[in-house]
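Chemist: Could you have a look at this structure, given as structure tokens, before my questions?
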Amino acid sequence: MSITSFPERQGSARPKVTTTTIQEKKQRREPITCLTAYDYPSARLVDEAGIDMILVGDSLAMVVLGYENTLPVTVDEMLHHTRAVRRAVKSALLIADMPFASYHESVKEGVHNALRFVKEAGAEAVKVEGGEKRIELVRHILDAEIPVMGHIGLTPQSIHKMGGYKVQGKDLGGIERLIKDAIALDRAGVFTIVLEGLPREVAAMISKEVSAATIGIGAGPDCDGQVLVFHDILNLTFSPPAKFVRRYGDAAAVISKAVEQFRTDVASGGYPSDAESYHLPKETKEALDAIMARKQMRKAAMSR
Ligand code: KIV
């Protein structure tokens, strides 16, 4: 283990983002920013870059834990990562994603798990996938004083029901369902709605219709804000990006180059150098040298 430590952050340079800040941004038509993060260093970088909201998404199942889809990640795993993110975030609004099977059996269980994210991990809001059919759950979570982010369109927890990850709302029936879902969530009182994998025209209609802020991912530029997955924008997913992903950096290339260089340096004896080593204090070194010299002399005398 390294003895490197993270220096304490001395407060934050910007004011705390709250659900009110987000709603005010929508009213002022100021674009809202959101990124996922799953651990301390990434969350700290995202927060310090001034992003409004940080989502501990269940996408961590895939991008951090290596699962094929989001379904296997558990509440305990999500809590573990949310706590790490909580320790890093000072200003951004911290939202925890409710994973598959954490609210599907009963409203009671859903509220219980939402409370755990706030009480045990410091989340300030939770995200739930689904529209009309989740309204009772959303109302109960709100009654427990927890703000809710809705999520409609391509909802990855419904992968088997959808028959794969498919853009939603491409026909009139689909558009009507999505609008009904968005209105129901809005009336129930969610503060934001993630619109994932929708034609931009549909996302634009919904964004005009609801008072909750819409946060798009693969839903075009007319949403009130945008969210992307941290690992997607940094090329850390080992797969070709979806159409809507813009790569802002190549962390895979940076990391691979650094790791290969470390291997080469150790193999060639180039690491560590003397400057990268600790040294004995002068007096201890002199005392040790004297002991070694005496030992050497005794050894030489005995071999004569
Ligand atoms: O899990 C996730 O990362 C998400 C966002 C992409 C919206 O749900």
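No value in this document is a laboratory result; all are computed from the given coordinates. All figures in this text were calculated on a predicted structure; none of them were measured in a lab. Every residue, glycine as well, gets a Cβ built from its backbone with ideal geometry; the counts of neighbours run over all protein chains shown.
Chemist: Could you check the simple spin-label distance between K170 and T264, using points 7 Å along Cα→Cβ, in nm with one decimal?
Modeler: It is 4.7 nm.
Chemist: Sort R294, R139, R116 by Cβ crowding within 10 Å, fewest neighbours at the top.
Modeler: Values: R294 10, R139 16, R116 20.
Neighbour counts put them in this order, fewest first: R294, R139, R116.
Chemist: Once Lys and Arg get +1 and Asp and Glu get -1 on their Cβ, which of A144, T20, H160 lies farthest toward the positive end of the dipole of region 19-251?
Modeler: T20
Chemist: Taking Cα centroids, how far is region 115-156 from region 238-263 in Å?
Modeler: One Cα centre to the other: 33 Å.
Chemist: What residue among P240, G130, T264 has its Cα farthest toward the positive end of the dipole of the chain, where the charges are +1 on Lys, Arg and -1 on Asp, Glu, each on the Cβ?
Modeler: Of the options given, the answer is T264.
Chemist: Compare the peptides 84-91, 20-27 by average per-residue count of other Cβ atoms within 10 angstrom and give them in order, highest first.
Modeler: Working: 84-91: 19.8, 20-27: 16.1.
Ranking the peptides 84-91, 20-27 by packing returns 84-91, 20-27.
Chemist: Then there's this: For the chain, what is the mean residue ellipticity at 222 nm derived from helices alone (per DSSP H run of n ≥ 4: -39500 (n - 2.57); sum divided by total residues; nearest 500 deg cm²/dmol)?
Modeler: Details: 12 runs with 132 residues, N = 304.
It comes out at -13000 deg cm²/dmol, rounded to the nearest 500.
Chemist: Taking Cα pairs under 8 Å and at least six residues apart, what relative contact order does region 19-251 come out at, in percent? Write down the numbers at each step before the final one.
Modeler: Numbers: 465 pairs, mean separation 40.8, N = 233.
RCO, region 19-251: 17 percent.
Chemist: What does the charge count around V64 come to, taking other residues whose C-beta lies under 11 Å from its C-beta (Lys +1, Arg +1, Asp -1, Glu -1)? Display every interim value, and only then the final one.
Modeler: Details: positive: none; negative: D39, D58, E77.
Overall, the nearby charge balance is -3.
Chemist: To continue, here is another question. Report, in debye and to the nearest 20, how large the dipole of the chain comes out about its Cα centre when Lys and Arg carry +1 and Asp and Glu carry -1 on their Cβ.
Modeler: Values: 39 positive and 39 negative charges, 190 e Å.
That gives a dipole near 920 debye.
Chemist: Assigning unit charges at the beta carbon (Lys, Arg +1; Asp, Glu -1) and nothing else, what dipole magnitude in debye, to the nearest 20, does region 79-173 show about its Cα centre? Mind dumping the intermediate values first?
Modeler: Working: 14 positive and 11 negative charges, 66 e Å.
Dipole size: approximately 320 debye.
Chemist: For the cross-link pairs K25/K127; K26/K166; K170/K257, which exceed 31 Å when the distance is taken from alpha carbon to alpha carbon?
Modeler: On the way: K25/K127 19 Å; K26/K166 28 Å; K170/K257 43 Å.
Over 31 Å Cα-Cα: K170/K257.
Chemist: Additional query: May I ask what percent, to the nearest 5, of DSSP beta bridges between residues of region 19-251 are antiparallel? Numbers along the way, then the final one.
Modeler: Values: 1 of 31 bridges.
Here the share of antiparallel DSSP bridges comes out near 5 percent.
Chemist: Now a separate question. Which number comes out as Rg/Rh for the chain once both Rg and the Kirkwood Rh are worked out on C-alpha atoms?
Modeler: Rounded to two decimals, Rg/Rh equals 1.19.
Chemist: Going by how many other Cβ atoms sit within 10 Å of their own, how do S303, S207, S273, S158 line up, fewest first?
Modeler: On the way: S303 6, S207 23, S273 9, S158 15.
Least to most surrounded, the residues fall as S303, S273, S158, S207.
Chemist: Something else: Order of H140, H279 from fewest to most other C-beta atoms within 10 Å? Before the final figure, lay out each step's value.
Modeler: On the way: H140 17, H279 8.
Sorted ascending by nearby Cβ count, the order is H279, H140.
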